[in-house]
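Readers should treat all values here as calculations from the given coordinates under stated rules, not as data from a laboratory. Being a predicted model, the structure only gives us computed values, none of them experimental. For neighbour counting, all protein chains shown are included, and Cβ atoms are generated from backbone atoms with ideal geometry for every residue, glycine included.
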């Protein structure tokens, strides 16, 4: 399942950039404020979640070595479990992608407005948010190669200021900020469950290099290496970055902050540092939007080529891009933005709901793929070899299930409803396929 062309345009630098770019977004630079009520437990949890994410990354690396396939989690689930589970995973994974775009784009708009207060207002925020989404859509419509180059530029550009905070900022830490292990007052198990989706949201995208496999050079080596390398870079950045922000910004101020990294930079380096970080947030948002936009056309395209999504999602433009899938996904993200703009709830409530929904619909594919390796291996060997499930895969599965538990009742309810809404699409596609088979048999 590769793209229509034969050119391989994505190397290890571009694939690593896509992985890091998709992960290091709004889930990272807003997270210190969201996890601040949990004190030192939050830092410990970043380490735990990083280890779990690496286990998941290793399972995807194993699957990529077995059979590089465009569509990532969808492709591997279909190989291991069959058409219907594969469809549900493609449907849910697709939802998680376009549902994440509004949060990333709103963060971009917030950074712009923070730099230019004259733009303050709901109308300006909506225009900037939608403008960011559709500008990146236009970039991706120009081709996968253009999107890959753009991912490299935005990813490596934003790593400089965030890396500076994560490393140099260690010199500015106030040790008195780390006296409480869990100041939230919530029991440890409940606090851990609450932290799971907030931290896992920042790791969504760890499988990104597996999705456009048809455009990757030497995918058997490039995808595993870029996946593990990208997760490791992001995990180190998350742990050190959160430690610095929590060690510089007082907790009472941090829990109310809408730009925690900018606030930390202002305390350490003044207005110049604050502006530099705000610019990094803008670049980070655009980079994350670009990476997710690349993926949100690839997943439905792979499913369409297998007859599980409507065929129009599998059509390629003159630039060899699944334009219909990208545009349809962007339209759904636009509807989410407009619904939020018309509602009375603030950004915080919207952020938490979308984080839970995106995480829930993403970790279900992760859970399926965590245990898919032995089944995929058996499939490609014709059943002659069925390897055992490894301890890494078991850890990855438990990690995914705990994160799903932590998403909470409301996001899981909404996510389940959205998944079930895909069933009529599957039935329609299967009926059409059976009718075509009957016609073909009658002609023969």
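For an R0 of 25 angstrom, estimate the FRET efficiency from the Cβ-Cβ distance between residue 186 and residue 272 and round to the nearest 0.05. After rounding, the FRET efficiency stands at 0.05.
Ellipsoid fit via the Cα gyration tensor, segment 222-291: semi-axes of 26, 15, 10 Å, each the root of five times an eigenvalue, largest first. Can you bin segment 179-285 into rounded, prolate or oblate? Criterion: square roots of the alpha carbon gyration tensor eigenvalues sorted a ≥ b ≥ c, rounded for a/c under 1.5, prolate for a/b above b/c, oblate for the rest. Here segment 179-285 falls in the oblate category.
Hydrodynamic analysis of segment 100-257 uses the Kirkwood radius over alpha carbon pairs. Inserted into Stokes-Einstein at 4 °C and 1.567 mPa s, it gives a translational diffusion coefficient of 69 µm²/s.
Averaging 1/r over every pair of different alpha carbons in segment 282-329 and inverting the result gives a Kirkwood radius of 11.0 Å. Computed packing ranks the peptides 115-124, 292-301 as 292-301, 115-124, most packed first, by mean other Cβ atoms within 10 Å.
Report note on the peptides 96-109, 408-421, 222-235, 314-327: ranked by the mean count of other C-beta atoms within 10 Å, highest first, their order is 96-109, 222-235, 314-327, 408-421.
Modelled this way, with points 7 Å down the Cα-to-C-beta line, the labels at residue 116 and residue 430 are 5.2 nm from one another.
Put in line by how crowded their Cβ is, counting other Cβ atoms within 10 Å and starting with the fewest, 200, 342 read 342, 200. For segment 155-206, the gyration tensor built on C-alpha atoms gives an oblate shape. Its axis ratio a/c (a ≥ b ≥ c) is at least 1.5, and a/b is not larger than b/c. The alpha carbons of segment 52-171 occupy a box of 54, 40, 28 Å along the principal axes, longest dimension given first.
Here, the chain yields an orientationally averaged convex hull projection of 21.7 nm² when only Cα atoms define the hull. Would you mind pulling out the separation of the Cα centroids of segment 19-98 and segment 361-378, in Å? Centre-to-centre distance over Cα atoms comes out at 11 Å.
Among 263, 218, sorting on how many other beta-carbon atoms sit within 10 Å of each Cβ, with the fewest leading, yields 218, 263.
Classification of segment 226-347 by its C-alpha gyration tensor yields a prolate form. The axis ratio a/c (a ≥ b ≥ c) is 1.5 or more, and a/b outweighs b/c.
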